[in-house]
Each structure stands twice: as C-alpha cells, then as structure tokens.
Amino acid sequence: MFGRKSLAPVTAHDAIKGRSDGPELGGVHFVNERSITPPFRDGVQVFYVAMGCFWGAERVFWQTPGVDVTAVGYIGGFTVHPTYQEVCSGRTGHAEAVLVAFDPALVSFEVLLKSFWEEHDPTQLNRQGNDVGTQYRSGIYTTTATQLEAANESRDAYQRQLTEAGHGIIATEVEPAKQFYYAEEYHQQYLAKNPAGYCGIEGTGVACQVGLT
C-alpha cells in the first residue's frame, strides 16, 4: 500500500480516509518542557510552516528566541489523523509541517518569516533536495488575516530578491491553515532526541530582507 509514492497531488476522493483518533502523545516539548498542545499562553499566536522534512524545520524554530513551543505534524490534506507512513505514500494530500507558537511581544511574525524563507529553498516544487514528494512541499499556513497579508507580502519581496540572484519562481503555498494533525511522538523534537539525525533542508543562500526594518 505504501511502497510506491505518488508525485501528483491526490484528490479528496482518492485520499486515504484515516481514523477517528490521533497518536498517543507525551504532550511535553522535549527541549523546553512546555505543552505542545493548546491552550497556549495568553497572547501567544500560532502559524504553521512546511519546509521539507519536518525534523530540521522544527529545530529552526525551537531555537528562535520568542518562540514558545513547536510541534510537528501534517497539514493541508484530506486524511483524518494520518500516520507518517500514509503521509509518505503521497496519498493523504498532507505536507510535513511545523506548528510554531510564538509571543509577538518577543519576536515579530516578520522575523519568523525571514527564517522560513532563508532556511529552505522555496523555489523547489514538491521537494527539498533529495526528499521528493508532495509531503515535502513548501508552505505557510496562517491563522489570522494579518498573518496572511504579511506572508504574501514577504513572498513577493523575497521573490524579487531571488530573481535578482538568478533563482526561479517561489512554489510556496500561502493560505489559511486547515486542520493540523500531530505527528507521532517519536517525530516530536526529533533532532533534539537524535542530535546526529538527518536534516535535509538547505537554503538558497539569498538573504531575506523581510523583518530587518
């Protein structure tokens, strides 16, 4: 069932249906010991990013000052409470994603967008490096209208910088967040638990000017 990976977007009709319950979670961030599930602290905002393999992408954000907590999971697809194996089959429609809960009094959304753009290659469609498949697509999934506007503006600004540097067109999805499903416990903060583990994300080398003013 999972031996052959689909490289084309799956439809709702053809997607794996899923199940009624998600994985059993410890619920506590391995690095900072905060809860990875809501409710979060008052004033904390949430958005989601997809940057390829979620192990390395999550580490980018838990290391960012002002980020309260992170978690990995699946977003943007059709399958209810998918498993990692199902997502890797390409038959769920989901992307590997990171939940980023941040305190806007300590770090601006624009600074987090800067990290997003610089830490992976947003011009790659349905892949990051050797990781190939729709689950590795690039995306920003917002929870407020203000976030959505800022994300679109940052995409347009970074595209101009990429074009000047000779890179291609950004393939990143920018849209309001759909249901986020938590990944299995062993994926949460994976690179903190396994410091020598795989990280397949790599940026273009083009600095993003968003958030510097």
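Of note:
- Criterion violated by GLY93 - all others in (1) in contact with a helix residue (DSSP H, G or I) (Cβ under 6 Å, 6 or more places away or on another chain); (2) over 14 Å from TYR182 (Cα atoms); (3) of a type outside the set (Val, Ile, Thr); (4) assigned to a loop (DSSP other than H, G, I, E, B) satisfied: (1)
- Residue in the stretch 166-180 that is in a helix (DSSP H, G or I), exposed (fewer than 14 other Cβ atoms within 10 Å of the Cβ) and without any contact (Cβ under 8 Å) to a residue 40 or more places away in the chain present: no
- When ASP21, ASP42 are checked against the criterion of being acidic (Asp, Glu), in a loop (DSSP other than H, G, I, E, B), free of Cβ contacts under 8 Å to residues at least 12 places away in the same chain and over 20 Å from ALA151 (Cβ atoms), a single residue qualifies: ASP42.
- Answer residue from the stretch 61-87, given it is buried (at least 20 other Cβ atoms within 10 Å of the Cβ) and among the aliphatic types (A, V, I, L, M) and is nearest to ILE16 (Cα to Cα) among those: VAL87
- Among the residues listed as ARG137, ARG160, the single one being out of contact with any His (no Cβ under 7 Å at 6 or more places or on another chain), charged (D, E, K, R) and either surrounded by 21 or more Cβ atoms within 10 Å (Cβ to Cβ) or closer than 15 Å to VAL60 by Cα (or both): ARG137
Where a number appears in this text, it was derived from the coordinates with a stated rule and is not lab data. Note that the coordinates shown come from a computational prediction; the quantities given were computed from them, not determined experimentally. Here Cβ is always computed from backbone atoms with ideal geometry, including for glycine, and neighbour counts include all displayed protein chains.
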